[in-house]
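The values are calculated or read from the model by the stated rules, or taken from the named source; none is laboratory data. Bear in mind that the values here come from a model prediction, so they are computed numbers and not experimental data. Counting neighbours? That spans all protein chains shown, and the Cβs are built from the backbone with ideal geometry, glycine included. Surface areas here come from the heavy atoms of the whole protein model, side chains and all, with no ligands, DNA or RNA. Shrake-Rupley method; radii C 1.70, N 1.55, O 1.52, S 1.80 Å.
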Amino acid sequence: MHAGAGFAETARYNRLTPDKYPVWYEQKLWGLYDVPGYARNLLNVPVIAYSGEIDKQKQAADLMQAELKTHGLELTHIIGPNMPHKYDPGSRDKVLALIKEALAKRKPPREIHFQTRTLRYPSMHWFKATGLEEHWAEARADGSYTFEGGALKITLATENITALEIDPAAMGLVRPESRKSIRPASIAVSLDGQELAAKPGEPIAFHKTEGGWKAGAPAGARRKKPGLQGPIDDAFMAPFLCVEPTGEALNPAVGRWVEFELAHFKDRWRALFRGDAPSKKADAVTKTDLQDHNLILWGDPRSNPAIAKILPDLPIEWGSEIKAAGKSYAAAHHVPILIFPNPLNPERYIVINSGPTFREGHDGTNSQQNPKLPDWAIIDLTEPPSATAPGKIVAADFFGETWDWKTPPNE
């Protein structure tokens, strides 16, 4: 891997001191992109950094050089003498030579190091995390395998991981004499010191219970897993469809807010992502739409029949009051924002009343164009939308690992 530019984390790059940090959940969401929290993944591949000597973005490579050192890796950092934000010919030639050397030695790794804070990024070569004890806290896996006489032996140590999969096909197991792929005759797995077995030719999956690790995927359909883990912004990482209201809102203030925020979202999508946000009225949504898209539902249970249809299967109540996480809010001037597995197609999301959560006030640097809200929020409409928020955020938090309310919820 070669890195030649770009910010590596949010706080120091923006010169934020703790007294200027944003609300707690936004700090946690820095973990979606901040590279130091993923540094161990770079132990799996040769890493070459380049910086111009007088380039301000050298800060990122210096930061990662120090971070990787804490994991036992000395970063190869080539510095262009007296260079600003560009390569000099000598440094460029050194980088290309190192890349060529690394490619010549490329082979499937027998050893893996994995680090994440979200199941949006769950995999490293032959290893995949499919469940965490807690999102936005560090999760790790370190492992290796041996393959002798047809016997595959895998050893893994994990932290903050509750379910995982192993893919022997990604190990590149071959017969030395023919270089043809070979299926192991036996598979043994040592997982956090527990000895387990797997059947060759069948999917290898384990999940953690109170009694230790067990074979198979975890029970229960509704849980956070890769591609269905939030936050709100995650719904826009895949095909989505805006589902617009077809009638009047329960309350005029809510109707006006929805109209403004929907138009705002469409304008933002065109300006930032350079496309038209796909959109239909609620009564025009088809089974194919439901199957192929995350649905972005705008409105309330009266104005949008798609919201009314799934509301009994959502964790909120929405009538004259909105009840969420054990608290009530007047529906006359509050709206919920949330992401949740679609009750009509649990392999896709629904989002209620939100586009990507960063706004105009965050466009000065792409290091601030990161999620600003977690999995759900309650918005007080007595404070109008601004360049940094859709209104007054009176409550917000992440759902738990089974898409349940956290107790007690954070505010």
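When the stretch 309-342 is filtered for residues that are open to solvent by 30 Å² or more (accessible area, probe 1.4 Å) and part of a loop (DSSP other than H, G, I, E, B), the ones remaining, listed by number, are P315, G319, S320, G326, A332, H333. Number of residues in the stretch 262-289 that are open to solvent by less than 40 Å² (accessible area, probe 1.4 Å) and over 19 Å from G391 (Cα atoms) equals 5. Comparison of G220, G230 shows that the only residue that is crowded, with 18+ Cβ neighbours inside 10 Å and either within 28 Å of I350 (Cβ to Cβ) or among the charged types (D, E, K, R) (or both) is G230. Output the residue which, of all residues in the stretch 178-192 that are open to solvent by 40 Å² or more (accessible area, probe 1.4 Å) and more than 14 Å from G150 (Cα to Cα), is modelled with the lowest pLDDT. Going through the qualifying residues, I end up with S178.
Inspect all residues belonging to the stretch 197-220 and state whether any of them is in contact with a Gly (Cβ under 7 Å, 6 or more places away or on another chain) and at pLDDT below 95.
The initial filter retains those residues of the stretch 197-220 that are in contact with a Gly (Cβ under 7 Å, 6 or more places away or on another chain), namely 205, 207, 218.
After this cut, where a residue has to be at pLDDT below 95 as well, the list is 218.
Yes: the stretch 197-220 contains one or more residues that are in contact with a Gly (Cβ under 7 Å, 6 or more places away or on another chain) and at pLDDT below 95.
Any residue at all in the stretch 361-376 that is touching a Leu at 6+ places or on another chain (Cβ under 8 Å), in a strand (DSSP E or B) and not charged (D, E, K, R)? Within the stretch 361-376 (the criterion being touching a Leu at 6+ places or on another chain (Cβ under 8 Å), in a strand (DSSP E or B) and not charged (D, E, K, R)), the answer is yes, since at least one residue qualifies.
Yes/no matrix, rows are residues, columns are (1) among the β-branched types (V, I, T); (2) in contact with a Phe, Trp or Tyr (Cβ under 7 Å, 6 or more places away or on another chain):
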position	(1), (2)
S186	no, no
K199	no, no
I204	yes, no
A215	no, yes
A221	no, no
P226	no, no
M237	no, no
C242	no, yes
L250	no, no
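Each residue in the stretch 26-49 was checked for being out of contact with any Phe, Trp or Tyr (no Cβ under 7 Å at 6 or more places or on another chain) and more than 20 Å from S123 (Cβ to Cβ), and 5 of them qualify.
Please determine, by comparing only the residues of the stretch 347-382 that are of a type in the set (V, I, T) and more than 20 Å from L241 (Cα to Cα), which one is nearest to the chain's Cα centre (by Cα). So that I can check it myself, show each step before the final result.
Looking only at the stretch 347-382, we keep the residues that are of a type in the set (V, I, T), and these are 350-352, 357, 365, 378-379, 382.
Checking which are more than 20 Å from L241 (Cα to Cα) leaves us with 365, 378-379, 382.
On the way: T365: 20, I378: 22, I379: 24, T382: 32 Å.
Checking each candidate, the answer is T365.
With respect to the conditions (1) more than 27 Å from the chain's Cα centre (by Cα); (2) acidic (D, E); (3) under 18 Å from G150 (Cα atoms), E195 falls short on a single one, namely (3). Residues in the stretch 358-411 that are open to solvent by less than 10 Å² (accessible area, probe 1.4 Å) and of a type in the set (S, T, Y): S367 only. A single entry from A39, A5, A11, A61 fulfils the requirement of being in contact with a His (Cβ under 9 Å, 6 or more places away or on another chain), surrounded by 13 or more Cβ atoms within 10 Å (Cβ to Cβ) and under 30 Å from K406 (Cβ atoms): A39. If the condition is being open to solvent by 40 Å² or more (accessible area, probe 1.4 Å) and either in contact with a Phe, Trp or Tyr (Cβ under 8 Å, 6 or more places away or on another chain) or under 16 Å from V47 (Cα atoms) (or both), then the stretch 67-85 contributes E67, K69, T70, G72, L73, E74, T76, I79. Looking only at the stretch 42-55, residues that are more than 21 Å from A97 (Cβ to Cβ) and either crowded, with 18+ Cβ neighbours inside 10 Å or among the acidic types (D, E) (or both) come to 2 in all.
Got at least one residue in the stretch 266-284 being among the polar types (S, T, N, Q) and over 28 Å from the mean Cα position of the chain (by Cα)? No, that holds for no residue. Of all the listed residues (E195, E210, E202), the sole one being closer than 30 Å to R106 by Cα, open to solvent by 70 Å² or more (accessible area, probe 1.4 Å) and free of Cβ contacts under 8 Å to residues at least 12 places away in the same chain is E202.
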